[in-house]
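Accompanying notes for the structure given below.
None of the figures in this text is laboratory data; all of them are computed from the coordinates on show. What you see is a predicted model; the values in this text were computed from it and never measured. Cβ placement follows ideal geometry from the backbone for every residue including glycine, while neighbour counts extend to all protein chains displayed.
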Amino acid sequence: THVDYIAAGAEVIITNTFAAGPWVLESAGLGDQMESITRSAVEVARQARDEAAQAPVAIAGSMCPWVGMDEEVDTGPVAEGFRRQANLLAEAGVDLIALEMCSHPVYSRLITEAAVATGLPVWLGMSCQRDGETGNLVGFDLPHLDFEQTLRGLVDTGVGAINIMHTSIDDTAPGLALVKEHWSGPIGVYPESGHFVMPNWQFVDIIEP
C-alpha cells in the first residue's frame, strides 16, 4: 500500500500504527507487542520508501488518542502510554508524528504534548461532526463535547500544522473555518469518504477529485 501511494505521487506516507496505542492493543490482548508492532510498521514504511521513492518522501508516525471515550480514565497512565508510543515512533525513525482523530479535549492534549516532546514536527489531526439537533460542531462520535472548545485547548501546544480529517465532506468546511479563527499556521485536510460498518469500511459516497 505504501508503494502504491508513493507511485501515485505521495510526498508523505503514514505508518500503520493508528490502532497501535497501548489501550487499543491491550483490549485485543496484544499489549505486550506494542514495541514490535510499532517498529515493524515503521520498518515497512521505510522499506517501501527505499524501494519506490524517486523524490523525497517523509514518513509520518500515526497516533490516535483512543483510550475509553465513554469512561473516566486516570490521566497519569494515559500520558505515560502516549509518551511511550511517541518515543517508540521517534526511535524507529519516523520524520514526523501525525496525530489523528483528536476529539477529546483531555486525551488530545496529553497525546499532543507527548508527541511534541519528541522534538519531531507534529501534525494535529482533528475530527468533528455537526450535531443533528443543535447544528453545532462537536467532537467526532462525542456529541457532548464542543469542537471549538477542544480546538482552543490545543492551538498552543507547539504543533506545526492542524488538519481536519476523518470528517464528512459536509462538515469539513465549517471545521476549517473554526480552525482559521484560532490558528494562523499551516492547515491541512483529508476528509472521510464512505463510512464504517463492522467489520469493513463501506466505499460509498466517494469524493471525486
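In whole percent, what relative contact order does the chain give with Cα contacts below 8 Å and a gap of six or more residues?
Working: 374 pairs, mean separation 30.8, N = 209.
Result for the chain is 15 percent.
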With contacts defined as alpha carbon pairs under 8 Å and 6 or more residues apart, what's the relative contact order of the stretch 110-184 in percent?
35 percent
Top positive-direction residue, dipole computed over the chain with Cβ charges, set ALA19, ILE162, LEU151:
ILE162
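For a Förster distance of 30 Å, can you work out the FRET efficiency between the beta-carbons of ALA55 and GLU91, rounded to the nearest 0.05? Show your work: numbers first, answer last.
Numbers: r = 26 Å, r/R0 = 0.86.
In this case the efficiency is close to 0.70.
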Whole-Hz ³J(HN,Hα) for each residue in the stretch 136-141, computed from phi via Karplus 6.51 cos²θ - 1.76 cosθ + 1.60 with θ = phi - 60°, x for glycine and proline: what do you get?
7, 7, 10, x, 4, 6
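Could you tell me the relative contact order of the stretch 34-144? Use alpha-carbon pairs under 8 Å, at least six residues apart, and round to a whole percent. Mind dumping the intermediate values first?
Details: 150 pairs, mean separation 28.4, N = 111.
Normalised by residue count, the contact order of the stretch 34-144 is 26 percent.
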Looking at the chain only, what percent of DSSP beta bridges run antiparallel? Nearest 5 please.
30 percent
Log entry: pair-distance distribution for the chain, C-alpha pairs binned every 10 Å from zero, whole % per bin is 8, 33, 38, 19, 2, 0
At R0 = 25 Å, how high is the FRET efficiency between VAL3 and SER193 if r is their beta carbon distance? Nearest 0.05 is fine.
0.70
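Output the antiparallel fraction of DSSP beta bridges having both residues in the stretch 115-188, as a percent to the nearest 5.
45 percent
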Shape call, the stretch 39-161: gyration tensor on alpha carbons, a/c limit 1.5:
prolate
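In deg cm²/dmol and to the nearest 500, what is the mean residue ellipticity at 222 nm of the chain if only DSSP H runs of at least 4 residues count, each as -39500 (n - 2.57), divided by the residue total? It would help to have the intermediate numbers written out before the result.
Working: 7 runs with 81 residues, N = 209.
The helix-only estimate for the chain comes to -12000 deg cm²/dmol at 222 nm.
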